[in-house]
Amino acid sequence: MSADAFRSFMPRALGLARDAAAAGEVPIGAVVVKDGQVIAAAHNAPRALHDPTAHAEILAIRAAARVLDDERLTGCELWVTLEPCAMCAGAIAHARIARLYYAASDPKGGAVEHGARVFDQPQCLHRPEVYTGIGEEEAADLLRGFFRQRR
């Protein structure tokens, strides 16, 4: 993957995270890419949708599955601004996402490099390639600023 691609999809996810913050949601954005094209994008919306599962990753995966008319997102990439939680990591595995790119690590709620480490479990039947730290500083700043305003 070229350096341009790294710069092109995370900014879109970060823009969605800013949209989430403006809507009063935790600022997390996610983009699903297939063959170099964005096929789905979403931001966190649990409050707006009154749905605890309405994380950016879940909403983007659902939208991508509708676009592809398939529950398997084979060959797709997921770009997200924060390390996925256990629920989202499970959905990523079930969707058979090929590559996961995330910006900021989440020592409290993440489940990729922290906590449950879902993809490291023997019960996990699909493990995406994982790339971290892309846009980390901006994503972390968005989250810190969001929670600072709420205190």
Checklist line | Residue check, residue 53 closer than 24 Å to residue 18 by Cα, β-branched (Val, Ile, Thr) and touching a residue at least 40 places away in the same chain (Cβ under 8 Å) | finding: no
Notebook entry, point to check: Across the range 56-91, what is the total count of residues that are farther than 19 Å from residue 132 by Cα, open to solvent by 30 Å² or more (accessible area, probe 1.4 Å) and touching a helix residue (DSSP H, G or I) at 6+ places or on another chain (Cβ under 8 Å)?
Noted result: 2
Item checked: Failed item, numbered, when residue 73 is tested on (1) without any contact (Cβ under 8 Å) to a residue 60 or more places away in the chain; (2) farther than 14 Å from residue 38 by Cβ -> (2)
Margin query: Which numbered condition in (1) in contact (Cβ under 8 Å) with a residue 60 or more places away in the chain; (2) surrounded by fewer than 16 Cβ atoms within 10 Å (Cβ to Cβ) is the only one that residue 18 fails?
Written below: (2)
Notebook entry, point to check: Does residue 35 qualify as being over 17 Å from the mean Cα position of the chain (by Cα) and closer than 17 Å to residue 93 by Cβ?
Noted result: no
Check: So which residues in the range 96-122 are among the hydrophobic types (A, V, I, L, M, F, W, C) and within 11 Å of the chain's Cα centre (by Cα), if there are any at all?
Finding: 100, 103, 104
Next item on the list: Starting from the range 92-120, take each residue that is open to solvent by 40 Å² or more (accessible area, probe 1.4 Å) and list its partners that are of a type outside the set (Asp, Glu) and not in a loop (DSSP other than H, G, I, E, B), counting only C-beta distances under 6 angstrom and pairs at least six apart or across chains.
Entry: 116/86
Next item on the list: Look through the range 121-151, keep the residues that are among the aromatic types (Phe, Trp, Tyr) and either open to solvent by less than 80 Å² (accessible area, probe 1.4 Å) or at pLDDT 95 or above (or both), and return whichever of them is farthest from residue 27 (Cα to Cα).
Entry: 131
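The values are calculated or read from the model by the stated rules, or taken from the named source; none is laboratory data. Computed from a predicted model, the values in this text were never measured in an experiment. Note: ideal-geometry Cβ built from the backbone for every residue, glycine included; neighbour counts use all protein chains shown. Calculation scope for accessible area: heavy atoms of the full protein, side chains included, ligands and nucleic acids excluded. Shrake-Rupley method; radii C 1.70, N 1.55, O 1.52, S 1.80 Å.
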